[in-house]
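Values quoted throughout were computed directly from the atomic coordinates according to the rules given, and no laboratory measurement underlies them. Fair warning: this is a prediction, and the values are worked out from it, not measured in the lab.
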Amino acid sequence: MVGIILVGVDDSQTALRAAERAAMLALAFGAELQIVSASNVNMTKTFEAVKEEDDPEAMSHAYRELLTQSAQRAENIAAGVAEILRRNFPNLKVSSKAAAGAPGVAILNESRRIDADIIVVGNRRVQGPARILGSIARTIAAETTCDLYVVNTHPR
């Protein structure tokens, strides 16, 4: 039995395609769909924000501010996708949230926390050089303890 399907999203059209496919799966299985967007802080931006200062307190404040902004952006992305899915799939039980960390790690951690039955991701970075360098789907496939569905999100 499938109870919870987790889909990882960002603000791309390919992520929305993956989320739509996850919604179809959730409806077919009578499962709940949970949408997660990763809040991944770029430390370079933190250091650039205070590069003129040597003040540890300023660095701490800048870092906290960047964490807050990143988390809010991720939450807004997940909530936006959830709203689209609620409109397009009115019988779907859907929730959304932000999760801290790099996308693959954030999705894996959230899937373990909620005991997801299926993780759904798009294949945006599974093409070309990313096949060698890695991708979110490859990261999750190597570590997940549940089923993984990789949606072909490239236009045909």
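Points worth noting:
- For VAL151, distant residues with modelled amide H under 5 Å away: VAL121, GLY122, ASN123
- For ALA38, the residues 5 or more places off, or on other chains, whose built amide H falls under 5 Å of its own are VAL9, ALA99.
- The amide H of SER96, built 1.01 Å from its N in the peptide plane, has ILE35 as neighbours under 5 Å, considering only residues 5 or more places off or on other chains.
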